[in-house]
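Okay, so here's the structure we're looking at.
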Amino acid sequence: MSHKTQIIMKLNSILDNDFYKFTMQHCVIKLFPKARARYKFINRGKHAFPPGFDKLLRQAVDDMQYLQLSQEEKDFLTVTCPYLDPTYLDFLQGYRYNPSEIHIAQHGDQLEVHADGYWYRTILWEVPLMSLICELYYEATGQQRVPDEQVVEITRTKIERYKDLNITIADFGTRRRHSLAVQKLVVQTLRQYGGNTFIGTSNIHLAMRNGVKPVGTHAHEWFMFHAAKYGFKMANMLGLEHWVQVYRGDLGIALSDTYTTPVFFEQFDKKFAKLFDGVRHDSGDPLHFADETVRHYLDKGINPLSKTIIFSDGLDYQKVAAIAAHCRGKIGMSFGIGTNFTNDVGLTPLNIVVKMYEALPEDAPRWTPVVKLSDEKGKYTGDEHMISLAKEMLEL
């Protein structure tokens with residue numbers, strides 16, 4: 001089988017990735033071009049990988065060097081995302097994945113994957129690595145999903161129910177999808193039956209192919225890097241400030257839980273609260289979060305109904321219905337649904353992540369471990385010593 005055939009089987013577009021990876025990459029190139037970053041694969045679900053899995057993944061990763069931005073894709077980004085500089089789109093056209101940035105090893109049934117290099121380059125690896133690991137896992141273990149017609153029917157039933165709730169929904173399911181084939185079917189079905197309820201997908205390639213909006217802003221690593229460079233107390237404020245500096249009001253959803261939401265709200269002052277369109281909920285109790293967010297806007301003299309919360313934490317219909325009932329009439333809301341859309345095919349979804357774990361800001365003498373303190377007690381990730389340092393600094 002030639003290289004080319006294999007690429008078409010696995011990833012066939014450099015834009016088969018989450019939108020926020022590119023919006024962050026754009027910022028990193030402008031503001032932190034010399035920064036370096038390291039990422040690692042974390043097997044939260046303790047899944048057992050079959051013998052030789054590392055070789056399959058290595059081949060798929062090596063094949064990614066052939067991906068490049070097509071002129072059609074560049075034109076799509078130029079029209080759809082006018083806030084991305086032409087110089088950045090030129091850069092992206094010349095960008096190639098460098099497989100030597102990825103280290104893969106297998107110890108028994110456990111997989112080890114690391115990425116290491118300039119942050120502006122390595123930032124694009126996380127999502128495709130995860131989606132490749134998922135897709136290859138189901139293939140290598142010989143697990144059969146439900147047929148295409150059933151995937152379509154499951155998705156159609158879901159979006160019909162969501163329509164009855166009178167809310168808006170986006171697909172956030174690239175990272176832990178069953179496969180590209182399933183996510184394609186899901187997005188096509190959502191587009192076909194979703195009406196005004198379906199507002200887009202985080203996957204730019206599928207957004208382009210289905211004539212919908214790519215959605216997303218930034219991720220935890222944006223604030224984690226800021227903590228490594230400027231310290232925990234300044235991470236949220238400078239992360240937001242730099243975002244505004246680049247996007248001038250576009251892409252205005254702020255992620256609140258990198259160092260817990262109460263800490264975030266201390267720095268989400270009137271300027272940021274007015275400037276950003278809303279916030280994203282990604283951990284902890286969503287109803288409590290909604291109440292705290294409403295209270296924060298009211299304290300700042302801002303009408304919460306002029307703002308939006310994007311809920312995106314492991315959602316399914318029951319959770320969405322409960323949140324919608326709670327928030328209606330109090331604050332704007334929208335929902336990003338991931339695995340429940342793209343990996344509801346009769347198999348167990350993988351519980352995996354790929355996280356930045358160290359950063360080397362420009363001119364820094366040594367690597368700094370980075371950590372995340374989410375609103376989920378005990379779901380803190382990263383170096384233990386650095387976590388306790390962060391808690392001490394932030395008085396948690």
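The values are calculated or read from the model by the stated rules, or taken from the named source; none is laboratory data. Everything quoted here is computed from the prediction, not taken from an experiment. Note that we place each Cβ from the backbone using ideal geometry, even for glycine, and neighbour counts take in every protein chain shown. Each accessible area value is taken on the protein alone, full model and side chains, heavy atoms only, with ligands, DNA and RNA left out. Shrake-Rupley method; radii C 1.70, N 1.55, O 1.52, S 1.80 Å.
3J(HN,Hα) along segment 186-192: 4, 5, 4, 5, 4, 5, 5 Hz, from the Karplus curve 6.51 cos²θ - 1.76 cosθ + 1.60 with θ = phi - 60°, whole Hz, x for Gly and Pro.
Quick one: dipole size for segment 164-212, taken about the Cα centre, charges +1 on Lys/Arg Cβ and -1 on Asp/Glu Cβ, in debye to the nearest 20. Write out the running numbers ahead of the final one.
Details: 6 positive and 2 negative charges, 54 e Å.
My answer is approximately 260 debye.
Where [x] 27.0; [y] 23.3; [z] 18.7 are the candidate values, the label of the one calculated here for mean projected area of the Cα convex hull in nm² is [z].
Stretched out fully, how many nm does the piece from residue 12 to residue 152 gain, at 0.36 nm a residue minus the Cα gap?
48.2 nm
Extension gain for residue 59-residue 79 works out to 3.8 nm (0.36 nm per residue, less the C-alpha to C-alpha distance).
Computed over protein heavy atoms with a 1.4 angstrom probe, the accessible surface ordering of 260, 308, largest first, is 308, 260. Each Lys and Arg contributes +1 and each Asp and Glu -1, all at the Cβ; summed about the Cα centre of the chain, the dipole is approximately 360 debye.
Does segment 80-229 come out rounded, prolate or oblate, given a ≥ b ≥ c as the square roots of the eigenvalues of its C-alpha gyration tensor, rounded meaning a/c under 1.5 and, failing that, prolate meaning a/b above b/c? Before the final figure, lay out the partial values.
On the way: a/c = 2.09, a/b = 1.25, b/c = 1.68.
Since a/c reaches 1.5 but b/c is at least a/b, the shape of segment 80-229 is classed as oblate.
When the chain is treated as a Gaussian network with alpha carbon springs shorter than 10 Å, the biggest mean-square fluctuation among 113, 263, 146 belongs to 146.
Checking the a/c ratio against 1.5 first, then a/b against b/c, what shape does the Cα gyration tensor give for segment 149-248?
Values: a/c = 2.75, a/b = 2.33, b/c = 1.18.
Since a/c reaches 1.5 and a/b is larger than b/c, the shape of segment 149-248 is classed as prolate.
Rounded to the nearest 0.05, the FRET efficiency derived from the C-beta distance between residue 107 and residue 330 at R0 = 56 Å is 0.65. The residues neighbouring residue 317, those whose beta-carbon lies less than 13 Å from its own, together hold a net charge of 0 under the Lys/Arg +1, Asp/Glu -1 convention. Along Cα→Cβ, 7 Å out, is where each label goes; now give me the distance between the ones at residue 392 and residue 298 in nm to one decimal. Placing both labels 7 Å along Cα→Cβ, they lie 3.8 nm apart. Each residue of segment 169-183 was assigned a 3J(HN,Hα) from its phi angle through the Karplus curve 6.51 cos²θ - 1.76 cosθ + 1.60 (θ = phi - 60°); the sequence is 9, 10, 8, 10, x, 5, 5, 10, 5, 5, 5, 4, 4, 5, 5 Hz, with glycine and proline shown as x.
Label-to-label distance for residue 90 and residue 269 is 3.8 nm, based on points extended 7 Å past Cα in the beta-carbon direction.
Which FRET efficiency, nearest 0.05, do residue 377 and residue 46 yield, Cβ-Cβ r, R0 22 Å? Efficiency computed from Cβ-Cβ geometry: 0.55. Listed values for segment 246-251 are Karplus-derived 3J(HN,Hα) couplings in whole Hz (6.51 cos²θ - 1.76 cosθ + 1.60, θ = phi - 60°), namely 7, 9, 6, x, 6, 6, and x replaces Gly and Pro. Taking amide H positions as modeled 1.01 Å from N, with prolines and chain starts lacking one, the residues under 5 Å from residue 169 and 5 or more places away or on another chain are 198, 199, 335. Other residues lying with their Cβ under 12 Å from the Cβ of residue 236 contribute a combined charge of -3, Lys and Arg counting +1, Asp and Glu -1. Computed over neighbours whose Cβ is under 12 Å from that of residue 291, the net charge equals 0, Lys and Arg +1, Asp and Glu -1.
How much mean residue ellipticity at 222 nm does the chain get from its helices, if each DSSP H run of length 4 or more adds -39500 (n - 2.57) and you divide by all residues, to the nearest 500 deg cm²/dmol? Don't jump to the answer; show the numbers that get you there.
Values: 18 runs with 186 residues, N = 396.
The helix-only estimate for the chain comes to -14000 deg cm²/dmol at 222 nm.
Stokes-Einstein D for segment 38-119 at 10 °C, 1.306 mPa s, Kirkwood Rh over Cα pairs, in µm²/s? Don't jump to the answer; show the numbers that get you there.
Numbers: Rh = 15.1 Å.
Result for D is 105 µm²/s.
Taking only Cα atoms and a 10 Å spring cutoff, compute GNM fluctuations for the chain and point out the largest among 152, 294, 79. The residue that fluctuates most here is 79. Rounded to the nearest angstrom and listed largest first, the equivalent-ellipsoid semi-axes of segment 101-150 from its Cα gyration tensor are 27, 17, 5. Under a model in which nothing but the beta-carbon of Lys, Arg (+1) and Asp, Glu (-1) is charged, segment 145-261 shows a dipole of about 160 debye around its Cα centre.
For segment 211-369, just say rounded, prolate or oblate: build the C-alpha gyration tensor, square-root its eigenvalues into a ≥ b ≥ c, call rounded for a/c under 1.5, and beyond that prolate if a/b exceeds b/c, oblate if not. Numbers along the way, then the final one.
Details: a/c = 1.89, a/b = 1.16, b/c = 1.64.
Oblate, since a/c reaches 1.5 and b/c is not below a/b.
Once the dipole of segment 255-325 is set up with Lys and Arg at +1 and Asp and Glu at -1 on Cβ about the Cα centre, which of 303, 264, 293 lies farthest towards its positive end? Projecting each Cα onto the dipole axis, the largest value belongs to 303.
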